[in-house]
Amino acid sequence: MSDQPNRPARPDEPDLRRRLLEVAADVLAEEGPSALTARRVTREAGTSTMAVYTHFGGMPALVREIVADGFDRLHARVDAVPVTEDPLADLTAMAGAYRAHALAHPHLYAVMFGATTLGGYRLTHEEQQVGMAAFGQLVAGVRRAMDAGVLRPADPASVAAQLWTALHGYTMLEQSGFHRVVEDPEGELLQPLVANLVAGLLAAPGVPGVPGSVRDSVRVPDPGPRPG
């Protein structure tokens, strides 16, 4: 993908920029990165390829906006998880929302986290920071559990990173089908993975608010039917 100089958008096409974004996101979601080209996007949008350069300066900038929108939607989905009196249950509900978003948008998720590239496009360090808001939600959830005495005191960011690494790793395996190394991936892999990790982070037994059975209380919600 090559950039061309930005050109001002035509005033009589205020909705075309949004249309191009929507079409590009749909193509990515339905057919994957290989189908996402300027020619394909503009044909579906009913305009010329010059529109991509007029409104975005090139395909890399359009992809960046798709990725940013993907992170915004991920943040909104996790943010919609209700806050209850059980911070540990809330934390696992956040993990379930994260996983559900990834499974609902597998191609976008792969691009968001650099597992799939689009031509010569790569996420820069600055662009990666767009996704850090989602990580911040997890840090806040961990901090809340620590403040409640459920998880032992530690660096919330470090603990959140451990949880994120485990969840992201499983999610990537799930998307590729490699999670089926056992008969029941959710019951034998995902749930024990999270439960065992959380068990190692729990405060001392007997502390108020600490559930008696970690495995029974720490369960990542099922995201429901898979798309397509």
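The values are calculated or read from the model by the stated rules, or taken from the named source; none is laboratory data. Model, not experiment: these values are computed from the prediction. Glycine also receives a Cβ, built like all others from the backbone with ideal geometry; neighbour counts cover every protein chain displayed. Remember, those area values only see protein heavy atoms, side chains included, never the ligands or the DNA or RNA. Shrake-Rupley method; radii C 1.70, N 1.55, O 1.52, S 1.80 Å.
Each residue of the stretch 131-148 was assigned a 3J(HN,Hα) from its phi angle through the Karplus curve 6.51 cos²θ - 1.76 cosθ + 1.60 (θ = phi - 60°); the sequence is x, 6, 5, 5, 5, x, 5, 5, 4, 5, x, 5, 4, 4, 5, 5, 4, 7 Hz, with glycine and proline shown as x.
Of the solvent-accessible surface of the stretch 127-207, computed with a 1.4 Å probe and all protein chains present, 61% belongs to carbon and sulfur. Note on Asn196/Ala68: beta-carbon distance plugged into 1/(1 + (r/R0)^6) with R0 of 30 Å gives a FRET efficiency of 0.30. Modelled this way, with points 7 Å down the Cα-to-C-beta line, the labels at Glu188 and Arg43 are 4.5 nm from one another. A cut-off of 5 Å between modelled amide H atoms, ignoring neighbours fewer than 5 places along the same chain, links Leu151 with Met146, Ala203.
Derived scalar couplings between HN and Hα for the stretch 44-52 equal 5, 7, x, 9, 9, 5, 4, 4, 4 Hz in order, rounded to whole Hz, by the Karplus curve 6.51 cos²θ - 1.76 cosθ + 1.60 (θ = phi - 60°), x for Gly and Pro. For the pair Glu30 and Gln162 in one chain, pulling the backbone fully straight at 0.36 nm per residue adds 44.4 nm over the alpha carbon distance.
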